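Engineer: I'd like to ask some things about the structure below.
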Amino acid sequence: MSSAIQNIRGFGDVLPGETPVWQFVEGVFRHELGRYGYQEIRLPIVEKTELFSRSIGEVTDIVEKEMYTFSDRNGDSLTLRPEGTAGCVRAALQRGLLHNARPRLWYAGPMFRHERPQKGRYRQFHQVGAEAFGVPGPDLDAEMILMSGRILRGLGLRNLRLEINNLGTAEARADYRERLVAHLEAHEDALDDDARRRLYTNPLRVLDSKNPALAPVVASAPDLLDYLDEASRAHFEVLRQTLDAAGEACTVNPRLVRGLDYYGGTVFEWISEDLGAQGTVLAGGRYDRLVDMIGGRETPAIGFAAGVERLVALVEAMGTAPDPAAPHACLVVTDTTLMPDSIALAERLREALPALRLEINLGGGSMKSQLRRADRSGAAVAIIRGAEEATAREVTLKDLRGDSGQQRIALDALAQTLSPFCSQ
Ligand code: HAM
């Protein structure tokens, strides 16, 4: 036998025991996003490479070293999407959704980044993202942040911290950048290779460094907020007031810069205290320049994306996730010649009781082993059908959980007898 083929490192399977938690997480997003007027959009997983390099930025970790890029058979450079915003903006623009409209869109699905796999960080991971277009004011930022808080609390999560910042206009950032470069140059000896490389290409990213050796240089760096233009300052102030009025506590983190170049103005992150290094569970911000960078008319926009694996891990750790749905009943057929007729019976029961989860024990086996399997399935009752029952046009109903024992039921009364079991 040849050796069994394994998965690709960083590309996980979601096993049946885990899917109920995934469905729960996705269900809460779908429900809450719908309540705020967001509509689902489904987007391709592969886009032209240029879409990502133009929007996320050439000098970002994602574009420099994390994209799954390949030439297809026509020689076109294509990329597995590393995130959803670029594709969403591309589709909204290309399909005319931005014409005299302010669409609110959401999407969910796999994203791909060639990062070093570790707990909470994978090469294929899943996001639920939301993007809202056409509204420039802080009212939208506030509503989006409040919605994200409602979703995370709806998942039952606690120990979350909301951090916000404002990156200002491109001009304010350019001004700040000059000061920051001067500061970093003055401490060049203390910089690591990554920071040195970033110094003249993307110095703001140095603020995001996870290297503890760099912490003093980062801590003593000038504050972006001191360089904000008046309009951004006022925008940030109203955002903070609105969050405050709604009772949403937040921390201003002037070092929060985010890893994608399309951001400007408001940025925010929800961070869990319970996940260690990969604690950011939901993150986003304004990208008022992205639509025109991709070729459309300048359109204000803001969005976020949440990491589903990280949320699933938190929900699982709390133990509040719903259990996989067990069948209500198992049909045990002790005489294989009765199988065709028993399958027809099962179909009639499913027809009569649309909520019924009924499993048939296929493949035969002794009565004892079949009942053991029925018990392991979590079913409440076993419906036993042998030669004797068939002749009498009856079944034996065996209580697998309580102490009601077993009783013979006429076939005609079976659907009615099973009906109370289907209520949960
Ligand atoms: P991001 O910060 O790159 O933003 O990713 C958002 C979230 O996706 C992260 O906070 C994290 O929870 C999750 N995530 C990212 N990379 C990984 C990974 N390798 N493994 C597991 N989870 C991961 C964006 O992607 C932006 N498109 C968000 C956005 C939407 N901004 C505006 N609109």
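Engineer: What residue, of GLU47, GLU64, GLU115, GLU83, is within 15 Å of the ligand (Cβ to nearest atom) and without any contact (Cβ under 8 Å) to a residue 12 or more places away in the chain?
Structural biologist: Details: GLU47 fails: without any contact (Cβ under 8 Å) to a residue 12 or more places away in the chain; GLU115 fails: without any contact (Cβ under 8 Å) to a residue 12 or more places away in the chain; GLU83 fails: without any contact (Cβ under 8 Å) to a residue 12 or more places away in the chain.
On inspection, the qualifying residue turns out to be GLU64.
Engineer: Please enumerate the residues belonging to segment 66-93 that are outside any loop (DSSP other than H, G, I, E, B), under 25 Å from the mean Cα position of the chain (by Cα) and closer than 20 Å to MET293 by Cα. So that I can check it myself, show each step before the final result.
Structural biologist: If we filter segment 66-93 for residues that are outside any loop (DSSP other than H, G, I, E, B), which is where we start, we get 66, 68-71, 77-80, 85-93.
Filter once more, so that each one left must be under 25 Å from the mean Cα position of the chain (by Cα): 66, 68-69, 78-80, 85-93.
Answer for segment 66-93, where residues must be outside any loop (DSSP other than H, G, I, E, B), under 25 Å from the mean Cα position of the chain (by Cα) and closer than 20 Å to MET293 by Cα: LEU78, THR79, THR85, ALA86, GLY87, CYS88, VAL89, ARG90, ALA91, ALA92, LEU93.
Engineer: In segment 1-29, how many residues are without any contact (Cβ under 8 Å) to a residue 24 or more places away in the chain, under 22 Å from VAL281 (Cβ atoms) and out of contact with any Pro (no Cβ under 9 Å at 6 or more places or on another chain)? Let's see the steps before the verdict.
Structural biologist: Here is the first cut: in segment 1-29, the ones without any contact (Cβ under 8 Å) to a residue 24 or more places away in the chain are 1-7, 13-15, 23, 27.
With the extra rule that they be under 22 Å from VAL281 (Cβ atoms), the set shrinks to 13-15, 23, 27.
Subset that is out of contact with any Pro (no Cβ under 9 Å at 6 or more places or on another chain): 13-15, 27.
Counting residues in segment 1-29 that are without any contact (Cβ under 8 Å) to a residue 24 or more places away in the chain, under 22 Å from VAL281 (Cβ atoms) and out of contact with any Pro (no Cβ under 9 Å at 6 or more places or on another chain) gives 4.
Engineer: In segment 295-337, which residues are within 20 Å of PRO16 (Cβ to Cβ) and within 16 Å of the ligand (Cβ to nearest atom)?
Structural biologist: VAL308, GLU309, LEU311, VAL312, ALA313, VAL315, GLU316, ALA317 - these are the residues of segment 295-337 that are within 20 Å of PRO16 (Cβ to Cβ) and within 16 Å of the ligand (Cβ to nearest atom).
Engineer: Something else now. Near the ligand (Cβ under 9 Å from one of its atoms) and farther than 18 Å from ILE302 by Cα, is that true of GLU131? Give the derivation first.
Structural biologist: On the way: near the ligand (Cβ under 9 Å from one of its atoms): yes; farther than 18 Å from ILE302 by Cα: no.
No; evaluated as a whole, the condition is false for this residue.
Engineer: Continuing with this model, one more query. Would you please name the residue that is farthest from the ligand (Cβ to nearest atom), looking only at residues in segment 271-282 that are modelled with pLDDT of 95 or more and surrounded by fewer than 22 Cβ atoms within 10 Å (Cβ to Cβ)? Quick ask: steps written out before the conclusion?
Structural biologist: Of all residues in segment 271-282, those modelled with pLDDT of 95 or more come to 271-272, 280-282.
Among the residues that remain, those that are also surrounded by fewer than 22 Cβ atoms within 10 Å (Cβ to Cβ) are: 271, 280.
Numbers: ILE271: 9, THR280: 4 Å.
Top of the filtered list is ILE271.
Engineer: ILE56 passes all but one of (1) more than 12 Å from the ligand (Cβ to nearest atom); (2) closer than 20 Å to GLY259 by Cα; which number fails?
Structural biologist: Against the list (1) more than 12 Å from the ligand (Cβ to nearest atom); (2) closer than 20 Å to GLY259 by Cα, ILE56 comes up short only on (1).
Engineer: Which of the helices (runs of 4 or more DSSP H) contained wholly in segment 186-296 include at least 2 residues that are of a type in the set (Ser, Thr, Tyr)?
Structural biologist: Working: elements: 193-198, 215-219, 230-245, 290-293.
The helices (runs of 4 or more DSSP H) meeting that bar are 230-245.
Engineer: Oh, and also: Going through segment 174-213 one residue at a time, which ones are within 26 Å of GLY279 (Cβ to Cβ), among the charged types (D, E, K, R) and either in contact (Cβ under 8 Å) with a residue 40 or more places away in the chain or surrounded by 20 or more Cβ atoms within 10 Å (Cβ to Cβ) (or both)?
Structural biologist: If the condition is that a residue be within 26 Å of GLY279 (Cβ to Cβ), among the charged types (D, E, K, R) and either in contact (Cβ under 8 Å) with a residue 40 or more places away in the chain or surrounded by 20 or more Cβ atoms within 10 Å (Cβ to Cβ) (or both), then ARG198, ARG205, ASP208, LYS210 are the ones that fit.
Engineer: I've got another one for you. When LEU105 is evaluated against the numbered criteria (1) in contact with a strand residue (DSSP E or B) (Cβ under 6 Å, 6 or more places away or on another chain); (2) more than 27 Å from PHE236 (Cα to Cα), which criterion, by number, is the only one it fails?
Structural biologist: If we test LEU105 against (1) in contact with a strand residue (DSSP E or B) (Cβ under 6 Å, 6 or more places away or on another chain); (2) more than 27 Å from PHE236 (Cα to Cα), just (2) comes out false.
Engineer: Okay, moving on. Just give me the residues in segment 122-143 being outside any strand (DSSP E or B) and within 22 Å of GLY87 (Cβ to Cβ), in sequence order. First the steps, then the outcome.
Structural biologist: Of all residues in segment 122-143, those outside any strand (DSSP E or B) come to 122-123, 134-143.
If the condition is that a residue be outside any strand (DSSP E or B) and within 22 Å of GLY87 (Cβ to Cβ), then TYR122, ARG123, GLY134, VAL135, LEU140 are the ones that fit.
Engineer: Considering only segment 351-363, I want to know if a residue exists there that is part of a helix (DSSP H, G or I), touching a residue at least 40 places away in the same chain (Cβ under 8 Å) and under 45 Å from the mean Cα position of the chain (by Cα). Working first, answer last.
Structural biologist: Just the residues of segment 351-363 that are part of a helix (DSSP H, G or I), to begin with: 351-352.
Add one more test, that the residue is touching a residue at least 40 places away in the same chain (Cβ under 8 Å), and what stays is 352.
Among the residues that remain, those that are also under 45 Å from the mean Cα position of the chain (by Cα) are: 352.
Yes - at least one qualifying residue is present in segment 351-363.
Engineer: Still on this structure, I have one more. Taking the criterion of being assigned to a helix (DSSP H, G or I), at pLDDT below 95 and more than 14 Å from LEU414 (Cβ to Cβ), would at least one residue in segment 318-326 satisfy it?
Structural biologist: As a first pass, look at segment 318-326 and keep what is assigned to a helix (DSSP H, G or I): 318.
The next check asks that each one be at pLDDT below 95; those that pass are 318.
After this cut, where a residue has to be more than 14 Å from LEU414 (Cβ to Cβ) as well, the list is 318.
Within segment 318-326 (the criterion being assigned to a helix (DSSP H, G or I), at pLDDT below 95 and more than 14 Å from LEU414 (Cβ to Cβ)), the answer is yes, since at least one residue qualifies.
Engineer: Something else now. Between PHE268, PHE236, which is assigned by TED's automatic domain parsing to the domain that holds HIS99, aromatic (Phe, Trp, Tyr), away from the ligand (no atom under 15 Å from the Cβ) and buried (at least 18 other Cβ atoms within 10 Å of the Cβ)? Spell out how you get there, then give the answer.
Structural biologist: Details: PHE268 fails: away from the ligand (no atom under 15 Å from the Cβ).
After ruling out the rest, the residue left standing is PHE236.
Engineer: Starting from residues that are at pLDDT below 95 and buried (at least 19 other Cβ atoms within 10 Å of the Cβ), keep the ones in segment 56-86 and report whichever is farthest from PHE133 (Cα to Cα). Break it down stepwise before answering.
Structural biologist: Residues of segment 56-86 that are at pLDDT below 95, as a first pass: 56-65.
So of that shortlist, the ones also buried (at least 19 other Cβ atoms within 10 Å of the Cβ) come out as 56-57, 60-63.
On the way: ILE56: 18, GLY57: 21, THR60: 24, ASP61: 26, ILE62: 24, VAL63: 25 Å.
If we take residues in segment 56-86 being at pLDDT below 95 and buried (at least 19 other Cβ atoms within 10 Å of the Cβ), then ASP61 is farthest from PHE133 (Cα to Cα).
The values are calculated or read from the model by the stated rules, or taken from the named source; none is laboratory data. These numbers come from a predicted model, not from an experiment. Note: ideal-geometry Cβ built from the backbone for every residue, glycine included; neighbour counts use all protein chains shown.
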